[in-house]
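Since the structure comes first, as structure tokens, the remarks are kept for the end.
The values are calculated or read from the model by the stated rules, or taken from the named source; none is laboratory data. The structure displayed is predicted, hence computed values, not measured ones. Every residue, glycine as well, gets a Cβ built from its backbone with ideal geometry; the counts of neighbours run over all protein chains shown.
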Amino acid sequence: MVKVYLSIGTNLGDKDQNIINAIAEIGSKIGVVRKVSTFYTSEAWGYTSEHKYLNAAILVLTELSPLQILAKTQQIEIMLGREKKTTKEYSDRIIDIDILLFDELEIDTEKLKIPHPKMLERDFVMIPLREIAPDLKLISK
């Protein structure tokens, strides 16, 4: 089993329940959820919104590959009401699940980049991540 760190965010609907639902689905479809950060409130990042975000980081133990995890997280997002993810602009969303780290693996393809390329710029990712993995050596490019 490998360690995978995921970031979960939401700024629409019942935000607490959105994250709880996402964590339950991740546990059902991806692997064993070993750690969950406290939920962290933040402003929108990269665009303006009247809706604050609720964010969390989780540690999952899995036997899936990075691309399998990507496919499963996208399925979970859609199942929970997310409209198609875009790479060009940020917008309000019911749920967003990002792969932050996959053990110490580095991937740089058009479809998937691990470590997540913008995680070090985002307090709403790093504060919950440091809470559940304070000794984690982060890979940065």
Those residues of the range 17-62 which are outside any strand (DSSP E or B), modelled with pLDDT under 95 and in contact with a Phe, Trp or Tyr (Cβ under 8 Å, 6 or more places away or on another chain) amount to E43, A44, W45, G46, Y47
Considering the range 44-53, residues that are under 16 Å from the mean Cα position of the chain (by Cα) and surrounded by fewer than 19 Cβ atoms within 10 Å (Cβ to Cβ), and then whichever is farthest from K15 (Cα to Cα), we arrive at W45
Sole miss for S65 among (1) under 19 Å from N11 (Cβ atoms); (2) free of Cβ contacts under 8 Å to residues at least 24 places away in the same chain is condition (1)
Over the range 1-43, the set of residues small (G, A, S) and either closer than 18 Å to Q75 by Cα or under 14 Å from the mean Cα position of the chain (by Cα) (or both) is S7, G9, A22, A24, G27, S28, G31, S37
